Amino acid sequence: MKKVTFICNKKQKFSYHLGPQFHGWLMENISEEAADYLHESKINCYSISVSNDDKNVYFTINLLNEVAEKIFSYLVLDKEIDKIVLNNSIQKEFLVLNKQIEELTAKQLTRNFYEGISSREVVVDIMSPMSFKVQGDYYFFPDLELMFRNLMQKYNATFENTNIVDNDLLQEILENSKIVSYKIQSSYYPIHKAFIPGTIGRIKIRFKGNQTLTNYTQMLLNFGVFSGIGVKTGMGMGHISIAK
């Protein structure tokens with residue numbers, strides 16, 4: 001997996017609209033055939049996020065498998081990309097000041113599962129609105145069953161080419177984990193003319209049970225830093241980070 005981040009200049013107030021607009025720019029810069037494949041595929045092989053600080057905007061695309069790396073290879077290989085043009089944004093051009101590439105192999109991801117001793121508590125920062133589709137409606141309060149089911153589906157799709165979830169394992173995770181504190185708020189994420197309800201903020205999860213299970217759940221969360229959690233991660237929703 002690769003995380004490619006463009007560090008750009010910032011001239012306008014940050015808005016979640018930049019996520020779908022960045023997605024549009026990405027689609028414009030790949031072949032029509034590749035764009036159709038990504039649109040029709042049931043397995044999402046990439047996610048994006050857009051964040052900011054006082055001076056810069058950070059446009060990130062996470063490439064979860066070799067297919068995504070091939071489709072978006074120009075992002076990794078092309079050193080001539082000097083700006084991101086978003087015609088529907090208030091700031092039309094974002095000058096690329098730097099490009100960072102971070103790689104996480106399956107071996108590195110699973111090393112802590114087999115060899116590490118993960119903490120019994122983890123703090124998850126939900127950086128962009130996270131939401132789930134449940135019986136046709138959006139459900140956006142943090143729910144460990146929805147979160148871990150979604151992560152297991154994404155993980156299995158990336159590394160095992162299937163989105164089937166081991167329900168017994170999921171149940172064991174739920175019996176040995178709980179949210180012990182949170183500071184969250186609801187927020188809407190704009191995609192085209194729709195506004196999708198989601199949650200942003202911070203949650204603390206506590207684990208019990210055997211160390212192997214704790215390692216596995218935290219491996220899933222570390223994977224989630226790349227994959228995102230929930231719906232529309234390819235548009236910039238469900239971006240998370242793990243507090244150190």
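The values are calculated or read from the model by the stated rules, or taken from the named source; none is laboratory data. Remember, predicted model here, so these are calculated numbers, not experimental data. Ideal geometry is used to build each Cβ from the backbone, glycine not excepted, and the neighbour counts take in all protein chains shown. The accessibility values were calculated without ligands, DNA or RNA, using every heavy atom of the protein model including side chains. Shrake-Rupley method; radii C 1.70, N 1.55, O 1.52, S 1.80 Å.
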Log entry, pairs with first residue in the range 221-244 being within 25 Å of residue 120 (Cβ to Cβ) and open to solvent by 10 Å² or more (accessible area, probe 1.4 Å), second being among the acidic types (Asp, Glu) and assigned to a strand (DSSP E or B), beta carbons closer than 8 Å, six or more apart or on different chains, reads 241/125; 242/125; 243/125
So which of 163, 176, 215 is surrounded by 15 or more Cβ atoms within 10 Å (Cβ to Cβ) and modelled with pLDDT under 90? 163
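Every residue, every condition in (1) over 16 Å from the mean Cα position of the chain (by Cα); (2) free of Cβ contacts under 8 Å to residues at least 40 places away in the same chain, yes or no:
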| residue | (1), (2) |
| --- | --- |
| 153 | no, yes |
| 156 | no, yes |
| 177 | yes, no |
| 194 | yes, yes |
| 200 | no, no |
| 207 | yes, no |
| 214 | yes, no |
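Here is a yes/no grid of residues against (1) of a type in the set (S, T, N, Q); (2) touching a residue at least 40 places away in the same chain (Cβ under 8 Å); (3) open to solvent by less than 20 Å² (accessible area, probe 1.4 Å); (4) in contact with a Lys or Arg (Cβ under 6 Å, 6 or more places away or on another chain):
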{"position": "36", "(1), (2), (3), (4)": "no, no, no, no"}
{"position": "47", "(1), (2), (3), (4)": "yes, yes, yes, no"}
{"position": "51", "(1), (2), (3), (4)": "yes, yes, no, no"}
{"position": "74", "(1), (2), (3), (4)": "no, yes, no, no"}
{"position": "81", "(1), (2), (3), (4)": "no, yes, no, no"}
{"position": "86", "(1), (2), (3), (4)": "no, yes, yes, no"}
{"position": "106", "(1), (2), (3), (4)": "no, yes, no, no"}
{"position": "109", "(1), (2), (3), (4)": "no, yes, yes, no"}
{"position": "121", "(1), (2), (3), (4)": "no, yes, no, yes"}
